[in-house]
Amino acid sequence: MRPIEINTKSAKETKKVGFNLVAALGKKPTLNKALIITLEGNLGSGKTTFIQGLAKGFGVRENVLSPTFVILKEFPLSSGNFQNFYHVDAYRLKNPEELLELGFKEKIKEKL
Ligand SMILES: Nc1ncnc2c1ncn2[C@@H]1O[C@H](COP(=O)(O)OP(=O)(O)OP(=O)(O)O)[C@@H](O)[C@H]1O
Ligand SMILES: [Mg+2]
């Protein structure tokens, strides 16, 4: 699949791309599987801004901020295909095993 390039000129536009991505995923159940979206980018490149739009699209009511001192934050969802929205700040992980210690495997196997 060819990559898609989307350029944004403001934080508002970046949020909108995240929000629209959720709609683009459609309403089909995702085969009872977790959906993992990974972001890569330099400090201040707009990752959190994008996630804020994404979270809004999934129906998270709280504002999703970069979790200071928190690696994994859970936001329960009351509607849609998924039960929870998890924000993982992988940058803060010391090693991949740390994610397993936080119960990541169990969380992605949660009943939808
Ligand atoms: N086109 C744009 N898209 C996203 N953010 C933008 C844009 N232009 C300016 N900003 C601003 O850039 C700042 C940094 O964005 P953000 O916090 O989302 O980055 P980040 O990748 O999460 O950074 P960090 O790695 O430090 O957590 C924010 O204040 C945001 O409003
Ligand atoms: Mg951030």
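Here, each number is a calculation from the coordinates, and none is a lab measurement. The shown structure was predicted, so the numbers you read here are calculated from the model rather than taken from an experiment. Cβ atoms come from the backbone with ideal geometry, glycine included; neighbour counts cover every protein chain shown.
For the stretch 59-64, backbone phi angles converted through the Karplus equation (6.51, -1.76, 1.60; θ = phi - 60°) give residue-by-residue couplings of x, 6, 8, 6, 7, 8 Hz, Gly and Pro being listed as x.
Phi-derived couplings, Karplus 6.51 cos²θ - 1.76 cosθ + 1.60 at θ = phi - 60°, listed residue by residue for the stretch 76-91: x, 10, 9, 8, x, 7, 10, 8, 9, 10, 10, 10, 10, 9, 5, 4 Hz, with x used for Gly and Pro. When the listed pairs Lys33/Lys73; Lys73/Lys109; Lys12/Lys56; Lys12/Lys73; Lys15/Lys47 are checked against a 21 Å cut-off, the alpha-carbon distance exceeds it for Lys12/Lys73. Each Lys and Arg adds +1 at its Cβ and each Asp and Glu adds -1 at its Cβ; summed about the Cα centre, the stretch 11-108 shows a dipole of about 440 debye. Across the stretch 35-42, computed HN-Hα scalar couplings (Karplus, 6.51 cos²θ - 1.76 cosθ + 1.60, θ = phi - 60°) run 10, 10, 10, 10, 10, 10, x, 5 Hz from first to last residue, x flagging Gly and Pro. Mind giving me the FRET efficiency for Asn20 and Asn81? R0 is 22 Å, r the Cβ-Cβ distance, nearest 0.05 is fine. The calculated FRET efficiency here is 0.85.
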